[in-house]
Amino acid sequence: MSDEKPKDEFESWKRTGIIATIAIILSIPLYLAMKPMRKPHVSQPSAPLFVGSGACRQCHAKEYDSWKGSNHALAMLAPGPNSVRGDFNDAVFQDGSRTWRFFRKAEKYFVSTDDIAGNKPAEFEIAYTFGWFPLQQYLVPFPGGRLQCLSVAWDAREKRWFTLYPGKQILPNDWLHWTRPAMTWNTMCSQCHSTGVQKRYDPDKDTYQTTWAEISVGCEACHGAGSKHVEWAQKPAMGRPQVANAALTVKTSSMPQRDLINLCAPCHIRRAELKDMGNPASDLLDSHLPTLLTPGVFYADGQILEEDYEVHSFLQSKMYEKGVKCNDCHDVHRAKRYVEGNTLCLKCHRADTYDTPLHHFHKKIVDGRPSPGAFCVECHMPGRNYMVIHFRRDHSLRIPRPDLTQSIGTPNSCSQSSCHANKPLNWVIENYNRWYGTTRKPHYGTVLSAAREGKPETRSDLLALATDQLRPAIVRATAIGLLWQYPGEDTTKVLEQSLSDSDALIRRTAIDQFPQNDPKRLIKAVFPFLKDAQLGVRIEVASSLADLPPGALSDSQTKALEPVLKEYIATLSFGEDMPSGRYNRANYELNHGNFTESEKQFRKALEMDDQFYLAAVNLSLMLNRQGRNDEAETLLEKSLRTNPHSASIAFNLGLLLAEMGKNTQAEDALRKAWQEDPTMAAAAFNLAVLVGVRDAREASELCAKAAELRPDEPKYAYSLAYYQIQRKQDAAAIVTLEKLVKFHPDYADPIPMLADLYLKQNRVADAAALYDSQLARKDLPAQYRDEFSRRRSSLLK
């Protein structure tokens, strides 16, 4: 088929006049009307309207011509001979047991594949093409206003059909099946492939009435709605009013770095949507919530792992730190780099220093062809294929670190490239050390990696990383997001400090992590941020304060919370076409005692994605609160069959079964949880409680492991001492309890146990001193004070 790009089919833009009528109220006395009449009438300016890219062509022909052949301009199109790239000449593609047939009827394009239920073949008409290069997908209209993306796409390079899920059998009830929500254009794709999208999802009816201003990514996607600018431009040159930015919504010329990043980020960053996209270059957290550098999405050192796009990695780069912007390397209208190869990098970097074997240690030409090892991007911007064939580079422009591959398992460009993929890591490290020496700067990846595993010894390093102003904001926010594993006064102080940070994501994450066990401190810390400029920060405050017990907020505080709480609920409703959105709404309703609505939302989330185990776990907890344990058990067992390696499901099932008195089954479930996640201290502890009645040795071993994993949780060490005493290991129990009292001086439960052990050794003075230290505490609860006073008095006898 022809590779000719679609012809320009934009209609010319025509001006429309707006006639305003003025109502004159005659009944106002003249003496009241005279003073206002002497002032100029001021009306609210109307919002600019979208006019389409065709309206820009006459005055901006060069920019328009560059844009019209770009991937942005071709992001989504009506099907036709010049837009459809795939083979629809009765082509057949076999994907496992499923057959896809692509064909035409007259001027229309069709696909034949399994129907929505997956029972038999059905014909679906192609409504739109989606993307241009290196692959093109196709959209099919479904009931409820949905557009579904086919999971078989066209490879524009190799001229072939291919599946987006090679080697996987995607069943019709799977979240990833092309008929299911993961492939729904309205929520997964629309914002970034069209201009001026309004999703318009009705969560009650589960339907869409999605609209767009322009089918593809047009001029106004970056410059904003253009009606006022066009109106200004069509006036005679001498008659144009003096207005800012020629009446354009967004001033893109000489745009500051932060604004330009905000312009590109909504479509080039891994994020959640809070509402429809607003004006271009608005602060990102006013409409989107970027993900942190989380496991399974990013490597521990921040390199891209999943479909993470470019901005997250670029925010970690020295280029970003030094003020480099997207348009320093990329032609924004063509959506391509200005030049290829090292020439682009040498705009800023000295050729005699960096474009030489003395720097990269590779020959420039090998076997008559340029050597990949001599290209800057091969070392500093390694990439991965997404959607099977779409190669994208990591934009953190980092120095290769094979030593981190060895220590924390992150990739390095030397091993990752085709050049040395067949070489062992030791060979790579040996040569790297020979070239560059063995001195390495500390990397935040080692701290994040250890924190992901919950290693106790990384506490101080994580706290330091969270407050290190020399580190990228996305890294500090990620460190803050991991602090939940390290509760304590030092952590809370770091969170309080982070609330004053200039970066909205850091403020938002600090609010999210702020402990709820001290409502007064929480309110004092986060309440002022109800007025934060960024929606993403405000709604996090609303979420935190809405979960407080009744009476925690004053009447005036409750009133101040109301409008932001409405914003928060609106963002929940906006996201309810995703399982996570239904899950968030369910949790909100559950926290407010609305069990019926909460259950409805949890079940809707599981209907969308039956492998969304968080919804199953929280629904089971809600059912348990209502005494519906049999239903909760059935739900968790089904979810565990669907997610057989989920430690969380197995753990919650174990707790439920133990509560129901099914101790044998509970032990099996807890053992599975512990097996699947050897860092889950709670699984080890609860398993110890179950087995402790018959095997104090195993119970003490499990408690020792739990205490090692979570030294901040005193009951684990306390239980360890109990089982040590059961095993006649008094000396070991004393060591355990003395450490516990030292590191948790306010934890009163182990005091009598330790005192009794001292008395068994005739250490009466030590027992007395132990009680005296507790009785000297002003904050010692009354029940402890009475008991300890009685026990202390008995020592005198």
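Derivation of every value follows stated rules applied to the coordinates shown; laboratory data play no part. Here the structure is a predicted model, which means the values were calculated and not measured. No Cβ is skipped: glycine too gets one built from the backbone with ideal geometry, and neighbour counts run over all protein chains shown.
So here's what we get for this one:
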| quantity | calculated |
| --- | --- |
| Kirkwood Rh and Cα Rg combined as Rg over Rh, evaluated for the range 152-267 | 1.13 |
| The range 257-398: Rg to Rh, with Rh as the Kirkwood radius over Cα pairs | 1.00 |
| With eigenvalues of the C-alpha gyration tensor scaled by 5 and rooted, the range 337-464, Å | 29, 17, 16 |
| The range 76-189: radius of gyration and largest Cα-Cα distance (Dmax), Å | 13.0, 35 |
| Compactness relative to 2.2 N^0.38 Å, alpha carbon Rg of the range 316-382 | 1.22 |
| D_trans [Stokes-Einstein, Kirkwood Rh over alpha-carbon pairs] for the range 363-416, 20 °C, 1.002 mPa s, µm² s⁻¹ | 174 µm²/s |
| Once exposed loop GluC sites (Glu not before Pro) are cut out (DSSP; at most 16 other Cβ, 10 Å), longest piece of the chain | 454-797 |
| Dipole of the chain, positive end: most advanced residue of HIS443, SER97, ILE261 [Cβ charges, Cα centre] | ILE261 |
| Dipole magnitude (debye, nearest 20) for the range 518-598, charges at Cβ of Lys, Arg, Asp, Glu | 300 debye |
| Simple Cβ-charge dipole of the range 692-768, Lys/Arg +1 and Asp/Glu -1, about Cα centre, in debye nearest 20 | 220 debye |
| Distant-in-sequence amide H partners of VAL366 (H built 1.01 Å from N, under 5 Å) | SER371 |
| For the range 100-129 versus the range 162-210, the gap between their alpha-carbon centres in whole angstrom | 17 Å |
| Tensor-based shape of the range 580-677 (alpha-carbon gyration tensor, a/c under 1.5 rounded, otherwise prolate or oblate) | oblate |
| The chain: Cα Rg divided by the 2.2 N^0.38 Å rule of thumb | 1.13 |
| Count of Lys pairs (Cα-Cα under 28 Å; at least 8 positions apart or interchain) in the range 257-398 | 14 |
| Estimated vicinal HN-Hα couplings, Hz - the range 786-792 in sequence order (Karplus 6.51, -1.76, 1.60; Gly, Pro = x) | 5, 5, 5, 4, 5, 5, 5 |
| Computed Kirkwood radius, in angstrom, where 1/r is averaged over Cα pairs of the range 544-603 | 12.2 Å |
| Dipole of the chain [Lys/Arg +1, Asp/Glu -1 at C-beta], most positive-end residue of GLY52, TRP212, PRO714 | GLY52 |
| Loop sites in the range 117-197: trypsin sites (Lys or Arg not before Pro), DSSP, at most 16 other Cβ within 10 Å | ARG157, LYS159, LYS168 |
| Local electrostatic count, LEU274, Cβ distance below 10 Å [Lys/Arg +1, Asp/Glu -1] | -2 |
| Alpha carbon Rg of the range 120-181, scaled by the compact-globule rule 2.2 N^0.38 Å | 1.16 |
| Nonlocal amide H pairs with ILE126, under 5 Å, H built at 1.01 Å | TYR109, PHE110, VAL111 |
| 0 to 90° range, to nearest 10: angle between helix 629-642 axis and the chain longest Cα axis | 60 degrees |
| Derived scalar couplings ³J(HN,Hα) [the range 595-602; Karplus, 6.51 cos²θ - 1.76 cosθ + 1.60; whole Hz; x for Gly, Pro] | 5, 4, 5, 4, 4, 4, 6, 4 |
| Long-range HN-HN contacts of GLY218 with modeled amide H, under 5 Å | THR195 |
| Formal net charge of residues neighbouring ILE399 (Cβ-Cβ distance under 12 Å; K, R +1; D, E -1) | +3 |
| Karplus-derived 3J(HN,Hα), 6.51/-1.76/1.60, for each residue of the range 299-309, Hz, glycine and proline x | 5, 4, 8, x, 5, 5, 10, 8, 6, 9, 6 |
| Cβ-based net charge around TYR583, under 15 Å, with every Lys or Arg adding one and every Asp or Glu removing one | -3 |
| Estimated dipole of the range 76-189 in Debye, rounded to 20 [Cβ of Lys and Arg +1, of Asp and Glu -1, Cα centre] | 80 debye |
| Helix-only [θ]222 nm of the chain, DSSP H runs n ≥ 4, -39500 (n - 2.57) each, per residue, nearest 500 | -12500 deg cm²/dmol |
| Whole-Å semi-axes of the ellipsoid equivalent to the range 664-797 (Cα gyration tensor, √5λ, descending) | 31, 16, 12 |
| Relative contact order computed over the chain (Cα-Cα under 8 Å; 6+ residues apart), in percent | 6 percent |
